[in-house]
Structures are given as structure tokens and as C-alpha cells.
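Worksheet: the structure to be examined is printed underneath.
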Amino acid sequence: MSEQPAPVTARQQLDPAAADAVRAYAAKTRENADRLAAVLEDIASNGLPAVEECTPWEELREGHLARLAAQHPAVA
């Protein structure tokens, strides 16, 4: 194998609006990851919550589906 570095290719720059959209997506993704990490750290420190304190996954699913339907109404 060659010890030469791979050639560097020019990167295509995004227009300012697209760059802002990518940054916003990155911030939202980071926020979600931080929230998940906090929950996992809480579980590691304090154990799992009591079943009575939890929301059944079916309720969470239905709520999420309702939010999605509200964002994207069906076309008749």
C-alpha cells in the first residue's frame, strides 16, 4: 500500500438557507440525544421507575400517530 495521503477533493458549499437548516437539524438531534442520555443516567442512578408511573407504549404510539396525522392531513 502507498503511504501517500488520499487526494483532497473540493467540497460543495451549501447555500445559506440550506446550511441553516442543517444546523437546526443538528441542534434538534443533539437536544434529543441529550434528553435520552439524561433519562438513561437517571435509570442508571435510580433504577427503573415503578410500572404505575409509566405510560403504556400503546398510548405513546397513538399520541405520536395523532401528532403525525395533524401535521400531515390526508388528502381526500
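The values are calculated or read from the model by the stated rules, or taken from the named source; none is laboratory data. The structure presented is a predicted model; accordingly, all values stated were derived computationally and were not measured. Note: ideal-geometry Cβ built from the backbone for every residue, glycine included; neighbour counts use all protein chains shown. These area figures cover heavy atoms from the full protein model, side chains too; ligands, DNA and RNA do not enter into them. Shrake-Rupley method; radii C 1.70, N 1.55, O 1.52, S 1.80 Å.
Put a dot 7 Å past the Cα of Leu36, heading toward its Cβ, do the same for Ala18, and the two dots end up 2.7 nm apart.
Over the chain, accessible surface divided per residue gives 99 Å², non-protein components excluded, 1.4 Å probe. When the residues Glu41, Glu62, Glu3 are ordered by accessible surface, computed with a 1.4 Å probe over the protein chains alone, the sequence from largest down reads Glu3, Glu41, Glu62. Remark: accessible surface ordering of Glu59, Glu52 (largest first) is Glu52, Glu59, probe radius 1.4 Å.
For the chain, the Kirkwood radius over C-alpha pairs fed into Stokes-Einstein at 20 °C and 1.002 mPa s yields D = 120 µm² per second.
Taking the Cα centre of the chain as reference, the dipole from Cβ charges on Lys and Arg (+1) and Asp and Glu (-1) amounts to some 440 debye. Angle of helix 57-71 to the longest C-alpha principal axis of the chain, folded into 0 to 90 degrees and rounded to 10: 60°. Helical content of the chain, expressed as a calculated mean residue ellipticity at 222 nm, amounts to -21000 deg cm²/dmol (DSSP H runs of 4 or more residues, -39,500 (n - 2.57) each, divided by residue number, nearest 500). Among Ala18, Ala66, Ala44, the largest mean-square fluctuation in a Gaussian network model of the chain, built with springs joining Cα atoms closer than 10 Å, belongs to Ala66.
Estimated at 0.36 nm per residue, the fully extended path between Ala70 and Ser45 surpasses their Cα-Cα distance by 5.3 nm.
For the chain, the fraction of 1.4 Å probe accessible surface lying on carbon and sulfur atoms is 61 percent. I'd like to know which of Pro73, Leu40, Ala17 lies farthest towards the positive end of the charge dipole of the chain, counting +1 on Cβ of Lys and Arg and -1 on Cβ of Asp and Glu. My answer, from the dipole projection, is Ala17.
With a 1.4 Å probe rolled over the protein heavy atoms of all chains, the accessible area of Leu60, Leu68 falls in the order Leu60, Leu68, largest first.
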